[in-house]
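Enquirer: Here's a structure for you.
Read-outs: derived from the displayed coordinates by stated rules, not from any lab. None of the values given here were measured: they were computed from a predicted structure. Neighbour counts are summed over all protein chains in view; Cβ atoms, including those assigned to glycine, are modelled from backbone coordinates with ideal geometry.
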Amino acid sequence: MKKYTQVIGIWFLIIPLAIINGGIREHILIKLGNIALPLSGIILSICVFIVAYLLIPKVKNCKPKDYIMFGIIWFVLTNLFDLFMYISEGGGIKQLLNSYNFLNGNLWILVVITTLVSPIVVSKIKWKKEREIKNV
């Protein structure tokens, strides 16, 4: 159970990055025009992966299924947080679902997929590195 608490704690570190990313988009990237929204999605996805890459390996005693659960937990938390933000701004589920429409330039779906797969990808990278070290 401790490892799941740690993974949720790691996810909470993503929130300030997402807020900073949004501020950068609204105050700096917006000057780039239509590319601001997709660029912001790419930047946040990279940030999510970096957090996972740096911190997921620190969670000990994990089995392959744990990494899948970590991704699912991050996916659910990300969507719940986003829904909460829409509700707090007077919106709701319709706005959340609309954010998945990449045809309008919103790459939110990339961010959500990144939160889902990053723990799994990082575990594969970690496993490969450990295997290479053992073979040396």
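Enquirer: If I stretch the segment between Lys2 and Ile113 completely, what's the gain in nm (0.36 nm per residue apart, minus their alpha carbon distance), one decimal?
Expert: 37.5 nm
Enquirer: Same structure, new question: What number, in nm² with one decimal, is the all-direction average of the projected area of the convex hull of the alpha-carbon atoms of the range 37-90?
Expert: So the Cα hull casts an average projection of 4.7 nm².
Enquirer: Further question on the same structure: For the range 47-126, what are Rg and Dmax over the alpha carbons, in angstrom?
Expert: Here Rg and the maximum Cα pair distance are 14.3, 42 Å.
Enquirer: Let me check I have the definition right: for the chain, take the eigenvalues of the Cα gyration tensor, multiply each by 5, take square roots. What are those semi-axes in whole Å, largest first?
Expert: 30, 17, 12
Enquirer: Kindly count the pairs of lysines across the range 29-136 whose alpha carbons are less than 30 Å apart, treating pairs on different chains or eight or more residues apart as eligible.
Expert: Final tally of qualifying lysine pairs is 23.
Enquirer: Still on this structure, I have one more. Taking only Cα atoms and a 10 Å spring cutoff, compute GNM fluctuations for the chain and point out the largest among Leu17, Leu97, Leu55.
Expert: Judging by the Gaussian network model, the answer is Leu97.
Enquirer: Here's a follow-up. With springs only between Cα atoms under 10 Å apart, run a GNM on the chain and tell me which of Ile109, Ile93, Ile14 wobbles the most.
Expert: Result for the chain, Cα springs under 10 Å: Ile93 fluctuates most.
Enquirer: Report the relative contact order of the chain, percent, no decimals, based on alpha-carbon pairs under 8 angstrom and at least 6 residues apart.
Expert: The value is 32 percent.
Enquirer: For the range 39-135, state which GluC sites (Glu not before Pro) are in a DSSP loop and have at most 11 other beta carbons lying within 10 Å of their beta carbon.
Expert: Glu89
Enquirer: While we're here: Span-like helices, the chain: DSSP H, alpha-carbon axial extent 30 Å or more, mean Kyte-Doolittle -0.5 or greater, which ones?
Expert: Helix filter hits for the chain: 2-27, 64-88, 108-135.
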